[in-house]
Each structure stands twice: as structure tokens, then as C-alpha cells.
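Novice: Handing you a structure now.
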Amino acid sequence: MKKTYVLKIVAAVATLFALTGCGTYTVSKDVSSEGKAGEVIFPTLDSIVMKEGTFPNRANLRSIGSGMTKDQLYDLLGRPHFREAFHAHEWDYLFNFRQPDGSVVRCQYKVLFDKDYLGQSFFWSPASCVDQLIMEKPAVATATPAKEPTIRRINLDADALFAFDKYNRGDILPGGREKVDALARQLTSKVLLIQVVGHTDRLGSEIYNAILSQHRAETIRSILIEDGVSADIISAIGLGEARPVKECSDSLARPELIRCLQPNRRVEVVVSAVE
């Protein structure tokens, strides 16, 4: 009887490890202690535990940013959908997004954690799935207002905010902080939702640009909050090079190409408000 009981415990533990994987499970290559990968790889769907994925809350996804703990991400997204343990440095999800025509778009989502298990890098496959988080239509946070909310888009020149290829607060140029402070003063109590969207040019890898644009958007978000904008209504998202507003020929010399692509390096602030 005792031997049978021990065997059952061993079998249960083996099953647990089969479902969760080891603590450092990862499919991406060269994941650093800062939560960045030399090569981002998404797991195949035949290894998924939650076969059909989930229909996530878009507002929850918009609120995700660098530095979030695993408990915070678990609260927003639920447990990872693949064989990844709580102490893994990589979590993967399969999300479904219902479209206006009734169809469903399926997307894989990845979170990479640093050595302290804080989420630092976030990726979509296909990359176009990030469009599911863009706030295109007016959204009402509470009760329906007397007037229909409108969407206003404010473009900030990223090169006027940050030193080239930088994103930290310390990289903000002398006039950059003043621009953000001035914007904060324009955001009145009539504002319902704000989405800060970072964009880059096409120079550099797609993954690098996605991370750069996300970090820049988060930096601007943090400053707006510091200036008095409610954290509850403002989110940040990085679209990388996905939405250029200007195309330039590769035949240009690199300095000229950088100058030509400058309009694509921008931070867009999308405001839903009652005018």
C-alpha cells in the first residue's frame, strides 16, 4: 500500500513537470539577463497546453509595459498557454481577436523576463497582430456621456524628443520634456482614454524597432502621468516600423536616408475625449 502511494506521488510530480516544464524553459535563443533575445522564436502550436487559446481583454493588453511582475501579468493575461513554469524566463500565449465582420484573428504573444522575473520584452506573431490594440474607435470608460466622444491624434517628432536611437528619460533632448509637459496641459478632464503609440523607421531589425518604439512610448506615458494625467486612462504601445508615413529609396547614402525617414520616427498620442 505504501509503495503504491509513493508511486502515485512520483507520477503526479512527473505529470506536473511535463505540463509546466523546467524553471528556465525557453524557446528563444540567447535570452539575456535583461530580458532580451538574440533571436525570438515562437513555439509551435502542437506544444500548446490551452489548445484553443483565449479571447483576451484588449484594455488589459494595452496596460502591459516593461517592469511588470509575473503576478501582475498573470492577473492581466492568465497563465501561459504553453508548457512554461512560473519561474520560466519566457511566457507564450495564443490569443483570439474577434473582428467587426465576425471573423477571428489568431495571434501568438510572447513575454521575455529579466533575471528578476520582470517582463521586459513583448512580441507578436505575426507582427501585424499589434494592430489589434490600436484604439481606432471612441471608447467610453464609464457611463455613456451626453456627447459622443471623438478621436484626436497628436504627432510628436521622436527625434525632437529623444537623442537618435535612444529612449530613456536621460536621453530626452532639452526641448523634448517641454513638449510633453505642454501636451499634458492640453489634456483636460474631458479626456476619456489616451494611447501613446511609438513608431520607428525601418533601419535596424524588426524586433529591435519594436522594442525601441515600445520603450519610447512607455517613457512618454510615464512623463504624462508625472504631469498629472491619470494612469488609469493612459496606455503605451510600440508599433516599430509597421506604419511608415514616408518611403525612401535605399539608393540614398545612409545620412540622407536617415534624414529622409525622419517623419517615421514619431510618437503618436491618440486621445478619446468629449469636446
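The values are calculated or read from the model by the stated rules, or taken from the named source; none is laboratory data. Owing to the predicted nature of the structure, the values given are computational and were not obtained by experimental measurement. Positions of Cβ are backbone-derived with ideal geometry, glycine not excepted, and every protein chain shown enters the neighbour counts. Ligands, DNA and RNA are excluded from the accessible area calculation, which covers all protein heavy atoms including side chains. Shrake-Rupley method; radii C 1.70, N 1.55, O 1.52, S 1.80 Å.
Novice: Given (1) open to solvent by less than 40 Å² (accessible area, probe 1.4 Å); (2) of a type in the set (Asp, Glu); (3) under 19 Å from residue 36 (Cα atoms), where does residue 201 come up short, assuming only one miss?
Specialist: Answer for residue 201: the failing condition is (3).
Novice: Give the residue, chosen from 133, 193, that is under 11 Å from residue 272 (Cα atoms), modelled with pLDDT under 90 and surrounded by 17 or more Cβ atoms within 10 Å (Cβ to Cβ).
Specialist: 193
Novice: Restricting attention to segment 220-238, does a residue exist that is closer than 21 Å to residue 60 by Cα, in contact with a strand residue (DSSP E or B) (Cβ under 6 Å, 6 or more places away or on another chain) and among the charged types (D, E, K, R)?
Specialist: yes
Novice: Given 40, 27, 31, 13, which one is modelled with pLDDT under 80, within 22 Å of the chain's Cα centre (by Cα) and of a type outside the set (Ser, Thr, Tyr)?
Specialist: 27
Novice: Under 22 Å from residue 38 (Cα atoms), of a type in the set (Val, Ile, Thr) and either modelled with pLDDT of 90 or more or surrounded by 14 or more Cβ atoms within 10 Å (Cβ to Cβ) (or both): which single residue out of 111, 104 fits that description?
Specialist: On inspection, the qualifying residue turns out to be 111.
Novice: Turning to a different aspect of this structure: Return yes when residue 254 is over 22 Å from residue 221 (Cα atoms) and out of contact with any Cys (no Cβ under 8 Å at 6 or more places or on another chain) and no when it is not.
Specialist: Taking the combined requirement at face value, the residue satisfies it.
Novice: Then there's this: Being within 15 Å of the chain's Cα centre (by Cα) and aromatic (Phe, Trp, Tyr) is the filter here, so list the residues in segment 75-105 that pass it.
Specialist: 91, 93, 95
Novice: Would a scan of segment 160-175 turn up a residue that is surrounded by fewer than 17 Cβ atoms within 10 Å (Cβ to Cβ), closer than 24 Å to residue 61 by Cβ, at pLDDT 85 or above and over 17 Å from the mean Cα position of the chain (by Cα)?
Specialist: No: zero hits.
Novice: Within segment 190-202, does at least one residue satisfy the condition of being touching a Cys at 6+ places or on another chain (Cβ under 7 Å), more than 27 Å from residue 60 (Cα to Cα) and assigned to a loop (DSSP other than H, G, I, E, B)?
Specialist: no
Novice: Let me ask something else about it. Restricting to segment 34-72, what's the tally of residues that are part of a helix (DSSP H, G or I) and touching a Phe, Trp or Tyr at 6+ places or on another chain (Cβ under 7 Å)?
Specialist: Residues flagged as part of a helix (DSSP H, G or I) and touching a Phe, Trp or Tyr at 6+ places or on another chain (Cβ under 7 Å) within segment 34-72 amount to 2.
Novice: Can you work out which of the residues in segment 216-244 that are open to solvent by 10 Å² or more (accessible area, probe 1.4 Å), of a type in the set (A, V, I, L, M, F, W, C) and assigned to a helix (DSSP H, G or I) is modelled with the highest pLDDT?
Specialist: 225
Novice: Among 55, 95, which is the only one that is more than 25 Å from residue 213 (Cα to Cα) and modelled with pLDDT of 90 or more?
Specialist: On inspection, the qualifying residue turns out to be 55.
Novice: Shifting gears a bit: Can you pull out every residue in segment 264-275 that is closer than 14 Å to residue 165 by Cα, open to solvent by 10 Å² or more (accessible area, probe 1.4 Å) and outside any loop (DSSP other than H, G, I, E, B)?
Specialist: Within segment 264-275, 266 is the sole residue that qualifies.
Novice: What about residue 201, is it touching a Leu at 6+ places or on another chain (Cβ under 6 Å), acidic (Asp, Glu), at pLDDT 85 or above and on the phi < 0 side of the Ramachandran plot?
Specialist: Answer is yes for this residue.
Novice: Then there is this: Determine which single condition residue 213 fails, assuming it passes every other condition in (1) among the hydroxyl-bearing types (Ser, Thr, Tyr); (2) part of a helix (DSSP H, G or I); (3) farther than 18 Å from residue 158 by Cα.
Specialist: (3)
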